[in-house]
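Input: a single structure, listed below in structure tokens.
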Amino acid sequence: MERRLTTRHRARTTVYVLLPGPRRRLCRASNLSASGVFVETCDLGLRRGQTVELAFAISLGTVTKIHRRTAVVAHISRGGTGLMMEGHGG
């Protein structure tokens with residue numbers, strides 16, 4: 001049963017995951033919603049409940065906007081990491 005509050009859309013965009021300290025990792029997002037994103041990652045050393053910063057580009061036709069969001073690690077699987085953006089309940 002689907003527990004999401006918002007519709008998830010397939011995405012082929014890149015997301016910067018900004019980790020504590022000067023580390024940042026460029027990841028591919030495989031789906032995206034208003035409340036979260038699933039990024040295809042190798043082991044980033046993240047743990048469930050950890051807070052990270054995200055930066056991603058959204059194309060609006062002729063304009064591309066860079067969005068920055070704070071997100072919490074919701075789950076980690078072999079294929080990637082699910083991140084819930086702050087301001088959205090689960």
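In the stretch 9-85, the ratio of gyration radius to Kirkwood radius, Rg to Rh, stands at 0.95 when only Cα atoms are counted. With a simple spin-label model that places each label point 7 Å from the Cα along the Cα-to-Cβ direction, the separation between LEU19 and GLU40 comes to 1.9 nm. Remark: VAL17, VAL52, VAL37, VAL72 ranked as VAL72, VAL52, VAL17, VAL37, counting other beta-carbon atoms within 10 Å and listing the fewest first. Neighbours of ILE76, meaning other residues whose beta-carbon lies under 13 angstrom from its beta-carbon, give a summed charge of +1 when Lys and Arg score +1 and Asp and Glu score -1.
Bear in mind these aren't lab numbers, they're just calculated from the coordinates by the rules spelled out. Quick caveat, the model's predicted, so the values are computed rather than measured. We place every Cβ from the backbone using ideal geometry, glycine too, and count neighbours over all the protein chains shown.
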